[in-house]
1. Can you tell which of A:I39, A:I21 is aliphatic (A, V, I, L, M) and more than 14 Å from chain B (Cβ to nearest Cβ)?
2. Taking the range B:94-129, which residues are under 29 Å from B:Q19 (Cβ atoms) and either within 8 Å of chain A (Cβ to nearest Cβ) or surrounded by fewer than 18 Cβ atoms within 10 Å (Cβ to Cβ) (or both)?
3. Could you tell me which numbered condition B:A107 fails, if it satisfies all but one of (1) part of a loop (DSSP other than H, G, I, E, B); (2) more than 28 Å from B:S239 (Cα to Cα); (3) in contact with a Leu (Cβ under 7 Å, 6 or more places away or on another chain); (4) of a type in the set (G, A, S)?
4. Can you tell me which residues in the range A:219-248 are away from chain B (no Cβ under 14 Å) and part of a strand (DSSP E or B)?
5. Which residues, counting only those in the range B:262-283, are more than 17 Å from the chain's Cα centre (by Cα) and within 15 Å of B:S362 (Cβ to Cβ)?
6. For the range A:137-150, indicate whether the set of residues that are buried (at least 22 other Cβ atoms within 10 Å of the Cβ), assigned to a helix (DSSP H, G or I) and either at pLDDT 95 or above or of a type in the set (K, R) (or both) is non-empty.
7. Could you tell me which of the residues B:V29, B:V49 is assigned to a strand (DSSP E or B) and crowded, with 24+ Cβ neighbours inside 10 Å?
8. Is it true that A:S122 is over 21 Å from A:P197 (Cβ atoms) and at pLDDT below 95?
There are 2 protein chains.
Amino acid sequence: MIKVGIVAYGITPFTKDDQKIESVLFKSVKNLFENNPEIDRNHIDAVLVSTNNNSKYLSPILSEMVGIQPKIAHSIESLCNSGTNSIVSAYSYIASGLVDMVLVSGAERYDSPGQILEWDNSRGEFKHPIFWGSIFTKSYKREFSISDEQLALVSVKNHKQAKQNPNALSNETFTIQDVMNSKKLTDDLKLLDCSRPCTGSASILLASQEIAKKNTEMPIWITGIGQKTTSAGFTKNTSFSSMESTKLAGSTALNMANYDIKDIDVVEVHDAFSVCEPMALESLGFSKSGGGVSMIKELYETNNFKINPRGGLIGAGHPLGATGIAQTIEITQQLQSNATNRQVNNAKIGLVHNMSAAATSSTVLILEK
Amino acid sequence: MIKVGIVAYGITPFTKDDQKIESVLFKSVKNLFENNPEIDRNHIDAVLVSTNNNSKYLSPILSEMVGIQPKIAHSIESLCNSGTNSIVSAYSYIASGLVDMVLVSGAERYDSPGQILEWDNSRGEFKHPIFWGSIFTKSYKREFSISDEQLALVSVKNHKQAKQNPNALSNETFTIQDVMNSKKLTDDLKLLDCSRPCTGSASILLASQEIAKKNTEMPIWITGIGQKTTSAGFTKNTSFSSMESTKLAGSTALNMANYDIKDIDVVEVHDAFSVCEPMALESLGFSKSGGGVSMIKELYETNNFKINPRGGLIGAGHPLGATGIAQTIEITQQLQSNATNRQVNNAKIGLVHNMSAAATSSTVLILEK
């Protein structure tokens with residue numbers, strides 16, 4: 001199979017700004033080309049746009065704005081893991097030999113229609129993600145005797161780490177007591193336990209091995225891919241205290257890359273809510289069931305940025321269609337030893353975990369130098 | 001490269017019915033499995049949904065309704081050629097080796113938000129497709145001294161052919177005078193010159209060579225693929241009387257399949273408006289510039305269904321996200337000698353032409369037995 005590498009990336013600050021989706025999309029691509037002036041955009045064969053925005057034909061619109069006439073141009077949507085779905089699609093376009101270089105660009109506005117699943121009748125009245133977030137939290141706390149305070153540390157840690165991420169939505173740090181005292185949304189969720197929708201964009205350029213090596217001195221290779229969709233509605237989940245789709249996607253990705261979870265040096269996990277971080281770590285195999293919170297506490301106390309160095313979704317913000325791409329950029333920067341104050345020591349192999357809708361679908365990517 | 005074949009298909013009648021998008025999507029998949037009870041749906045690795053509908057997460061929703069837990073599940077949108085973009089994406093997932101079997105399902109409602117490009121500021125006031133349809137018609141008539149009556153024959157032919165398609169929106173035949181007397185929409189377009197949006201769905205199942213041969217006695221192979229996006233706004237077209245993106249996509253697809261246009265036995269072209277049929281035929285190389293109308297007249301007079309046997313978009317209706325898939329199903333049926341009263345004699349190699357937004361992007365597929 002043709003090897004696929006990340007050649008370049010661009011990103012915008014994550015904000016609450018009211019900007020047109022085309023402008024948001026364009027800004028991360030502009031950032032990409034400004035940071036990599038040597039790349040000839042005429043060699044871009046495909047442009048994939050990752051978004052939940054309702055505007056159509058955004059890939060040709062972006063292409064025209066950027067001055068590209070690609071072969072392949074379309075949008076991809078799968079709620080919160082649209083970004084990694086787009087990266088896997090780009091991978092397959094290159095690995096199949098159809099194209100050599102693909103621009104993947106994700107963007108969202110703060111008022112994304114992917115936030116609240118108005119149309120999904122299988123969810124009854126419970127169309128807002130806080131309902132599944134709340135059920136997950138209650139179930140996890142009961143099953144493993146975990147306290148609200150223990151979970152609050154996820155938010156404390158991720159806001160602390162986001163402080164070192166110049167593009168993060170949050171620039172504040174909080175104590176456990178701050179999280180506990182923040183607005184109570186449900187019996188089990190406080191405001192600071194939640195990631196927040198925002199406006200932002202992230203873009204990466206992928207290429208075949210040959211083309212990647214011509215365009216960058218330090219390509220980062222995608223060596224493992226795992227994906228799984230177990231259902232659409234969260235009531236079909238077989239467990240509310242672990243993530244079945246993440247387990248399957250994680251083991252597939254590690255098998256493909258021929259690594260064990262112990263080999264992973266740096267990780268982006270999809271912390272839509274505080275509880276999601278330990279659950280995802282456990283489902284990926286980083287710790288036994290219920291052991292994720294202890295792992296997080298130890299990393300926090302030793303100032304180790306291994307998990308969600310850019311601050312996760314809780315600290316960095318969650319512009320749905322851009323999130324999976326922003327996660328992939330963070331791991332790329334870490335592996336290139338280019339993550340400034342967030343840098344994890346000696347990071348050689350990284351993992352991206354991106355999911356949708358109560359972990360009814362998950363993507364896991366393994367990246368390496 | 002792994003060879004990719006069409007294993008099965010399902011389709012619904014094209015109507016003006018007011019049905020939920022999930023129901024529309026489901027019906028063609030149900031039809032697919034009813035017609036192919038031997039196929040084990042647990043072997044489906046990926047589910048791609050082609051639509052302009054604003055509902056999110058439709059691929060997991062469809063998968064759950066159908067009882068599939070795929071690896072890959074997402075929606076794809078590129079206005080009117082979303083369908084063939086999805087087929088090419090499925091092709092690349094299989095050809096890359098990531099998966100073995102992909103369900104591609106396209107659906108649209110009669111009131112699709114892809115019909116009128118409300119958000120596209122580059123179009124000024126001219127957001128409805130009849131504006132570019134009208135400009136194309138005026139330009140083509142002027143450049144090649146073609147009359148309204150000559151173009152009206154496209155509608156006459158395609159309605160006649162749709163009469164033999166049990167799923168077509170139209171069940172009526174018309175004379176040239178009927179087309180000329182139908183409601184005048186612009187200086188150059190009458191109502192019967194236009195394809196009509198409608199409610200409908202079409203699904204195909206693609207698989208690698210090995211899996212395809214296990215699941216059907218008569219797989220149809222996708223041997224040529226060409227795609228091109230020249231711009232988003234139609235004012236950027238270099239010509240209004242030919243289709244640049246179609247020229248490029250067509251030659252790429254023929255080169256990949258190693259055929260000449262003369263080798264093609266049966267064709268689906270994207271006749272969004274009457275003028276599009278001769279323009280597409282010319283841009284694909286079936287005739288010299290301006291010669292498409294004579295070719296169409298000769299085929300009509302000899303009752304030869306070679307071009308748009310199912311009645312094209314004008315006769316069959318145009319449910320945006322389903323159209324490219326329905327075109328591909330028609331060519332599959334033709335190559336399998338399974339097109340009943342529409343059957344073209346001795347069809348061995350077929351071509352699908354699907355485009356968006358004034359031919360600013362085009363897909364061409366070559367299919368063979």
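The values are calculated or read from the model by the stated rules, or taken from the named source; none is laboratory data. Because the structure is a prediction, the values reported are computed rather than measured. Please note: Cβ atoms are built from the backbone with ideal geometry, for glycine as well, and neighbour counts cover all protein chains shown.
1. On the way: A:I21 fails: more than 14 Å from chain B (Cβ to nearest Cβ).
Sole residue among the options that is aliphatic (A, V, I, L, M) and more than 14 Å from chain B (Cβ to nearest Cβ): A:I39.
2. Result: B:D111, B:P113, B:G114, B:I116, B:L117, B:E118, B:W119, B:D120, B:K127, B:H128.
3. (1)
4. If the condition is that a residue be away from chain B (no Cβ under 14 Å) and part of a strand (DSSP E or B), then A:I220, A:W221 are the ones that fit.
5. Matches in the range B:262-283: B:E282 only.
6. Taking every residue of the range A:137-150 in turn, at least one turns out to be buried (at least 22 other Cβ atoms within 10 Å of the Cβ), assigned to a helix (DSSP H, G or I) and either at pLDDT 95 or above or of a type in the set (K, R) (or both).
7. B:V49
8. Working: over 21 Å from A:P197 (Cβ atoms): yes; at pLDDT below 95: yes.
Answer is yes for this residue.
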